[in-house]
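Remarks on the structure that follows.
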Amino acid sequence: MSILSKPKKVVKSLKAQKNRIAIAQEQLKVLNQGPFETGKLPKFKKKLEEANQFPLRLKKLDVFQVNIGYMCNLVCEHCHVDAGPDRKEIMTTETMQQCLDAIKVSGASTIDITGGAPEMNSHFRWFIEEINKLGVKDIIVRSNLTIIVANKKYYDLPEFFKANNVHVISSLPCYTKENVDKQRGDGVFVDSIRVLKMLNEVGYGKEGTGLKLDLVYNPVGANLPGAQDSLQEDYKRELMELFGIEFNYLFTITNLPISRFLDFLLASDRYEEYMEKLITNFNPYAAEEVMCRDTISVSWDGNIYDCDFNQMLELKVASKSNHISTFNIEELAKREIIMSQHCYGCTSGAGSSCQGATV
Ligand code: SF4
């Protein structure tokens, strides 16, 4: 290859690349060693103890998050799931049925369906319809938007979402093509805008329809997100002026140092600097509000985790009820939440959760 030619963008998951950071144990080694082993940086547990917040426990289960598979049509730079077309982990209907049985007795008011691209699970529509029959308050689908125009079998998803009163939450890391395509791949911005218009056309994001469309921002580099309110104003103004697009809320999410973002930090030699930034901005009020205190996360194979990040690190809940087939809310309520240094991402600045800033 000529040294002048542009390097080809890697479009495989870390797992398919056989990158060591695809292995949960390797990520945990990075998070527990180096500056945290030498004492140069304080471990998350110590910070929590100093803030009288240790151990973290469930307050009340409100959000029942289900990851129905790691397959995705995109390979985004900062994806904490390491999702992509080469990922084959997909939830079966048997596990979905166990989730439905658990949801019925869980007391959760929000069911949060994520992936990968959850729409790529062939049982996705059935699962949503069955959840809808349970009469829960909020059914969230985390859609990458582009899947809806990736194949004609998905074109009618906006109507399907509307018919099932689904709350759509979509990542859109910027309102400029350059930044979105850099983080998510060529052509993603144009497809995202096209799908946002399709969602607006059926009523999503429009006042008075009750059809909720929220967007998610995460920083492009090794930085904390800016203030959620002012970014939301910028997004609303730019998306309306440039494309006539409406949406409800913008959620800012901090990149947690795991998976592809951890790989990026290590490869660019910015890991320690980023961890220092998270620690310097540690906010005890955000620690009080971390999402694992009202959420559980179920993986494609039915294991139960404190959150989607712990799922990716294969840190199952510290409870006898650690699989959906043995779901027991009383047991889960007794457990201590498992944490490591990645948890600094949830407690830095204004806090971070799947629903954006927490304080
Ligand atoms: S990473 Fe998970 S376990 Fe850690 S604080 Fe955040 S939500 Fe809780």
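No value in this document is a laboratory result; all are computed from the given coordinates. From a predicted model like this one, the values you see are computed outputs, not experimental measurements. Cβ atoms come from the backbone with ideal geometry, glycine included; neighbour counts cover every protein chain shown.
Counting DSSP beta bridges in segment 30-346, what percent are antiparallel, to the nearest 5?
20
If you take the charge dipole of the chain about its Cα centre, with +1 on Lys and Arg Cβ and -1 on Asp and Glu Cβ, which of PRO35, ASN179, PHE247 is farthest toward its positive end?
The residue sitting most towards the positive pole is PRO35.
Dipole of the chain (Lys/Arg Cβ +1, Asp/Glu Cβ -1, origin at the Cα centre): which of VAL63, VAL216, LEU266 lies farthest to the positive side?
LEU266
Classify segment 256-359 as rounded, prolate or oblate, taking a ≥ b ≥ c as the square roots of the eigenvalues of its Cα gyration tensor: rounded when a/c is under 1.5, otherwise prolate if a/b is larger than b/c and oblate if not.
Oblate, because a/c is 1.5 or more while a/b does not exceed b/c.
Dipole of segment 30-346 (Lys/Arg Cβ +1, Asp/Glu Cβ -1, origin at the Cα centre): which of THR93, MET291, CYS76 lies farthest to the positive side?
THR93
In the structure shown, do any of LYS12/LYS316; LYS12/LYS153; LYS15/LYS153; LYS182/LYS236; LYS104/LYS334; LYS47/LYS277 have a Cα-Cα gap over 18 Å, and if so which?
LYS12/LYS316; LYS12/LYS153; LYS15/LYS153; LYS182/LYS236; LYS104/LYS334
List the lysines whose alpha-carbon lies under 21 Å from that of LYS152, not counting same-chain residues fewer than 8 positions away?
LYS162, LYS197
How big is the antiparallel share of DSSP beta bridges in segment 1-156, given as a percent to the nearest 5?
DSSP beta bridges in segment 1-156 are roughly 10 percent antiparallel.
Going 7 Å from the Cα of LEU266 in the Cα-to-Cβ direction, what parts of segment 209-223 have a backbone nitrogen less than 20 Å from that spot?
Under 20 Å, as judged by backbone N against the label point of LEU266, lie 221-223 of segment 209-223.
Within segment 264-359, report the trypsin sites (Lys or Arg not before Pro) that DSSP leaves as loop and that have at most 12 other Cβ atoms within 10 Å.
Hits after loop and neighbour filter: LYS320.
Please identify, among SER13, SER348, SER230, the residue showing maximal mean-square fluctuation in a Gaussian network model of the chain using a 10 angstrom Cα cutoff.
In the Gaussian network model the winner is SER230.
Classify segment 146-232: rounded, prolate or oblate, from the alpha-carbon gyration tensor (a ≥ b ≥ c, eigenvalue square roots; a/c under 1.5 rounded; otherwise prolate if a/b is larger than b/c)?
In terms of gyration-tensor shape, oblate.
Please state the charge dipole magnitude for segment 295-359, taken about the Cα centre, from unit charges on C-beta atoms (+1 on K and R, -1 on D and E), reported in debye and rounded to the nearest 20.
Roughly 100 debye, rounded to the nearest 20.
Treat the count of other C-beta atoms within 10 Å as a stand-in for reagent exposure and order MET120, MET240 from fewest to most.
So the ranking, lowest neighbour count to highest, is MET240, MET120.
Going from the alpha-carbon gyration tensor of the chain, what semi-axes, largest first and in whole Å, does one get by taking the root of 5 times each eigenvalue?
Sorted largest first and rounded, they come to 29, 26, 21 Å.
Any chance you could check the Cα centroid distance between segment 229-278 and segment 294-321 for me, in angstrom?
With segment 229-278 and segment 294-321 each reduced to a Cα centre, they are spaced 24 Å.
When all C-alpha to C-alpha distances in segment 68-123 are sorted into bins of 10 Å, what percent of pairs does each bin hold, rounded to whole numbers?
In order of increasing distance, the bins hold 24, 44, 26, 6 percent.
Taking the Cα centre of segment 30-346 as the origin, how large is its charge dipole in debye, to the nearest 20, when only Lys and Arg (+1) and Asp and Glu (-1) carry charge on their Cβ atoms?
420
Taking Cα centroids, how far is segment 21-72 from segment 94-167 in Å?
What the calculation gives is 27 Å, centre to centre.
Can you give the charge dipole size of segment 81-197 about its Cα centre, rounded to the nearest 20 debye, using +1 on the beta carbon of Lys and Arg and -1 on the beta carbon of Asp and Glu?
Approximately 280 debye in magnitude.
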